[in-house]
Amino acid sequence: MSTVCDIECRDEGMLAGLQDYIDEQPQGDILIVLHQMGNHGPAYSKRYPPAFERFTPTCTTNQLNECTNEEIGNAYDNAILYTDAFLARVITLLKNNSQKFETAMAYFSDHGESLGEYGLYLHGLPYAMAPRTARSTLPRSSGLATVSRLTKRRSATKPRNAFPMTTSSTPFSACLK
């Protein structure tokens with residue numbers, strides 16, 4: 001359960017105590033699944049804390065018909081900014097455990113989100129039912145989850161890095177200014 005809550009419980013609450021849990025594992029592999037609320041609408045403004053409200057004005061209601069497309073898009077973009085920061089924290093957690101475990105992360109989306117394109121909002125329509133003009137904008141992906149697999153090292157040698165992680169040299173706090 002998330003311990004980081006105000007009007008909404010935040011995804012970062014899933015990280016509270018996670019390092020302690022990892023440290024308590026005596027041996028073997030660990031599979032950790034983090035299922036985010038992420039950018040689920042329609043209340044996009046509830047998906048991020050106030051510090052991440054960089055794009056304004058925002059839609060602050062779940063009644064999208066009361067908001068402009070700009071307000072909806074801004075709230076969604078702020079939620080994306082928060083998701084980016086959350087994923088950066090997950091990557092940092094993995095890097096911090098890379099001396100003890102082989103680490104990997106996979107991130108999946110359970111659906112796309114329509115923000116007014118072709119008059120569609122939220123999950124839009126299934127691909128097969130969507131108007132032909134909208135089909136090129138609708139994703140076919142499924143499965144929102146952040147999966148972190150921590151595997152105990154089997155030797156003292158550093159394993160090869162098949163999927164090197166890269167990070168921006170700009171801290172997220174700079175994006176908020």
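The values are calculated or read from the model by the stated rules, or taken from the named source; none is laboratory data. Please read all numbers here as calculations on a predicted model, not as lab measurements. Every residue, glycine among them, receives a Cβ derived from its backbone with ideal geometry; neighbour counts consider all protein chains shown.
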Out of the residues in the stretch 91-142 that are assigned to a strand (DSSP E or B), of a type in the set (A, V, I, L, M, F, W, C) and more than 15 Å from the chain's Cα centre (by Cα), state the one that is modelled with the highest pLDDT. Ala104
Qualifying residues in the stretch 51-81 (those that are assigned to a helix (DSSP H, G or I) and touching a residue at least 60 places away in the same chain (Cβ under 8 Å)) - the one surrounded by the most Cβ atoms within 10 Å (Cβ to Cβ): Phe52
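Tell me yes or no: at least one residue of the stretch 51-73 is within 24 Å of Val33 (Cα to Cα) and either within 22 Å of the chain's Cα centre (by Cα) or modelled with pLDDT of 70 or more (or both).
Scanning the stretch 51-73, I find no residue that is within 24 Å of Val33 (Cα to Cα) and either within 22 Å of the chain's Cα centre (by Cα) or modelled with pLDDT of 70 or more (or both), so the answer is no.
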Residues Thr68, Thr92, Thr83: which one is touching a Gly at 6+ places or on another chain (Cβ under 7 Å) and either within 25 Å of Tyr118 (Cα to Cα) or of a type outside the set (Asp, Glu) (or both)? Thr83
What are the pairs with Cβ atoms under 6 angstrom where one residue, in the stretch 1-20, is small (Gly, Ala, Ser) and the other, located anywhere, is at pLDDT 75 or above? Sequence gap at least six, or different chains. Ser2/Cys9; Ser2/Gly13
Can you name the condition, by its number, that Glu12 falls short on among (1) on the phi > 0 side of the Ramachandran plot; (2) surrounded by 17 or more Cβ atoms within 10 Å (Cβ to Cβ)? (1)
Taking into account only those residues within the stretch 16-50 that are among the polar types (S, T, N, Q) and part of a loop (DSSP other than H, G, I, E, B), which is modelled with the lowest pLDDT? Gln27
